[in-house]
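Visitor: I'd like to ask you about the structure that follows.
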Amino acid sequence: MSISDSAAPREGGDEQSSPRRGAAPSARGIGAGSPVLAFDVGGTDIKSALFDSEGNAVGLQRTPTPVLGDDPAAALIDEIARLAEGLRARHPEIAPESLGFVVPGIVDADAGIGVFASNLGWRDAPLRAIAADRFDLPIAFDHDVRSASWAEHELGGARAHDDVVVIIIGTGIAGAVLVGGEPYTAGGYAGEIGHSPVADGPDCPCGSRGCLEAIASAGAIARRYKAKTGVSPDGAKDVIARAAAGDETAARIWNDALDALTMSLAQLTAMFAPEAIVIGGGLSRAGGALFDELRARLTERLSFHRIPELLPAELEGNAGLLGAALRARELT
């Protein structure tokens, strides 16, 4: 996910947001409370910021994730410490009372363990304990998409609902399930919506076949079009535009993606009966081409089930960072 102008926290921004359910959302703040440090770690970059006592993001920056070497967990905490030192030096007027950081992969937040992260290179890494040894602050630790989903629940598109599925569709597909307003984690293994099987193929890089991500992610849509035509599209949005313009190959690929997403949403609806399904990531910007089609197909696919609202995510690329800040706030 990328930071958009409309979604990015801005240093010195004057818009604030209350976490009160139903309040107007703002990606520029988390509401009044204790100052905190927050970090959203990705395989490509790290977003970091101080949040002051009014909840404004101060010193927001996006820096490349360094090569983490033979001890990736310790190297990551070293990088977070370096970024934190820089933020505090530039803004000595803000004294953070806790620190929150989120990472990708399989994460057991209760145990503080990074179970597995293929891009970052660790297995069963005690990330929260390493950070606690490094910082003289309480440490909040969570999964990046689960944290983003929590922020959507508190500040964004899911704030009016407590039983919610949040799906982020970009290069891959990630998700999180909230039941009764709390994330359902299952030791970090819950929410792997992108790797739920919806067909017999194609092969997925995870080693399985027919995963949702291999058919319906923005990356898969573009890859499948190139494989069929030899033409490199300008992302999934280009394939969708070509489908609308009458390109039969693009239309088949887009229809396959919509069918796969409908199947997955129907399964989630039958199992969890969410009040809403919030969709974010690059593909969510397809607007009605995505949401209108999914609403119609989901209604046709189900029978007695409660049809969830399909809503766009509101926080986009900063949701993980905001979630990290909110989780850090809970410790003070």
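Visitor: Find, to one decimal place in angstroms, the Kirkwood hydrodynamic radius of the stretch 96-139, where the mean of 1/r is taken over every pair of different Cα atoms and then inverted.
Guide: Values: mean 1/r = 0.0924 Å⁻¹.
So the Kirkwood estimate lands at 10.8 Å.
Visitor: Let me spell out the model: positive unit charges on the Cβ of Lys and Arg, negative unit charges on the Cβ of Asp and Glu, origin at the Cα centre of the stretch 38-191. What dipole size does that give, in debye rounded to 20?
Guide: The dipole magnitude comes to about 340 debye.
Visitor: Hey, what did the stretch 198-270 get for relative contact order, percent, Cα under 8 Å, at least 6 apart?
Guide: 26
Visitor: Now for a different question. Taking the stretch 135-194, how much of its Cα-Cα pair set, in percent, is spaced more than 15 angstrom apart? Display every interim value, and only then the final one.
Guide: Working: 864 of 1770 pairs.
Tail of the P(r) past 15 Å holds 49 percent of the pairs.
Visitor: Note down the net charge around Lys228, summing +1 for each Lys or Arg and -1 for each Asp or Glu among other residues with Cβ under 12 Å from its Cβ.
Guide: That sum, taken over residues with Cβ under 12 Å, equals +2.
Visitor: Once you order the gyration tensor axes a ≥ b ≥ c over the Cα atoms, which shape class does the stretch 57-143 get: rounded for a/c under 1.5, otherwise prolate or oblate by comparing a/b with b/c?
Guide: Note, shape of the stretch 57-143 comes out prolate.
Visitor: With a 1.4 Å probe and all protein chains kept in place, how do Thr229, Thr63 rank by accessible area, largest first?
Guide: Largest to smallest exposure gives the sequence Thr229, Thr63.
Visitor: Ok, one more. Can you tell me the relative contact order of the stretch 123-277? Whole percent, Cα pairs under 8 Å, sequence separation 6 or more.
Guide: Details: 220 pairs, mean separation 27.3, N = 155.
That works out to 18 percent.
Visitor: I've got another one for you. Based on Cβ point charges of +1 for Lys and Arg and -1 for Asp and Glu, what charge dipole magnitude is obtained for the chain about its Cα centre, in debye rounded to the nearest 20? Mind showing how you got there, number by number?
Guide: Details: 29 positive and 45 negative charges, 132 e Å.
Result for the chain is approximately 640 debye, rounded to the nearest 20.
Visitor: What share of the DSSP beta bridges in the chain is antiparallel, in percent to the nearest 5?
Guide: Counting DSSP beta bridges with both partners in the chain, the antiparallel share is about 60 percent.
Visitor: Looking only at Cα atoms, what is the convex hull volume of the stretch 239-314 per residue, in Å³?
Guide: 82
Visitor: A further question on this structure: Find the centroid of the Cα atoms in the stretch 277-298 and in the stretch 89-161, then give the distance between the two in whole Å.
Guide: A separation of 28 Å, based on Cα centres.
Visitor: Same structure again: For the stretch 274-323, with all protein chains present and a 1.4 Å probe, just round the carbon and sulfur fraction of the accessible area to a whole percent.
Guide: Working: 1040 of 2030 Å².
Carbon-and-sulfur percentage of accessible area, whole number: 51.
Visitor: What net charge is computed for the residues neighbouring Gly280, neighbours being all others with C-beta under 11 Å from the C-beta of Gly280, Lys and Arg scored +1, Asp and Glu -1?
Guide: Cβ neighbours under 11 Å give a net charge of -2.
Visitor: Take the chain, connect every pair of alpha-carbon atoms lying under 10 Å apart with a spring to form a Gaussian network, then pick out the residue of Pro126, Pro202, Pro312 with the largest mean-square fluctuation.
Guide: The residue with the greatest mean-square fluctuation here is Pro202.
Visitor: While we're looking at this one, here's another question. Given a 10 angstrom Cα cut-off, can you work out which residue in Ser217, Ser118, Ser284 is the most mobile in a GNM of the chain?
Guide: Comparing Ser217, Ser118, Ser284 in a Gaussian network model of the chain, the most mobile one is Ser118.
Visitor: Please compute the per residue accessible area over the chain with all protein chains in place, 1.4 Å probe, rounded to a whole number of Å².
Guide: For the chain, the solvent-accessible area averages 42 Å² per residue.
Visitor: Let me check I've understood the local charge: for Ala199, count other residues with C-beta under 9 angstrom from its C-beta, Lys and Arg +1, Asp and Glu -1. What total comes out?
Guide: Details: positive: Arg209; negative: Asp200, Asp256, Asp259.
Within the 9 Å Cβ shell, the charges total -2.
Visitor: By the gyration tensor of its Cα atoms, with a ≥ b ≥ c the square roots of the eigenvalues, what is the shape of the stretch 174-332: rounded for a/c under 1.5, prolate for a/b over b/c, or oblate?
Guide: Note, shape of the stretch 174-332 comes out prolate.
Visitor: Considering the dipole of the chain built from charges on the beta carbon (Lys and Arg +1, Asp and Glu -1) around the Cα centre, which of Val165, Ala199, Thr269 is farthest to its positive end?
Guide: Final value for the positive-end residue is Ala199.
Visitor: Which whole-number percent is the relative contact order of the stretch 79-141 (Cα, under 8 Å, 6+ apart)? List each step's numbers first, then the result.
Guide: Working: 70 pairs, mean separation 19.1, N = 63.
Here the relative contact order equals 30 percent.
The values are calculated or read from the model by the stated rules, or taken from the named source; none is laboratory data. Quick caveat: nothing in here was measured; it's all calculated off a predicted structure. Virtual Cβ from ideal backbone geometry, glycine too; neighbours counted across all protein chains shown. Each accessible area value is taken on the protein alone, full model and side chains, heavy atoms only, with ligands, DNA and RNA left out. Shrake-Rupley method; radii C 1.70, N 1.55, O 1.52, S 1.80 Å.
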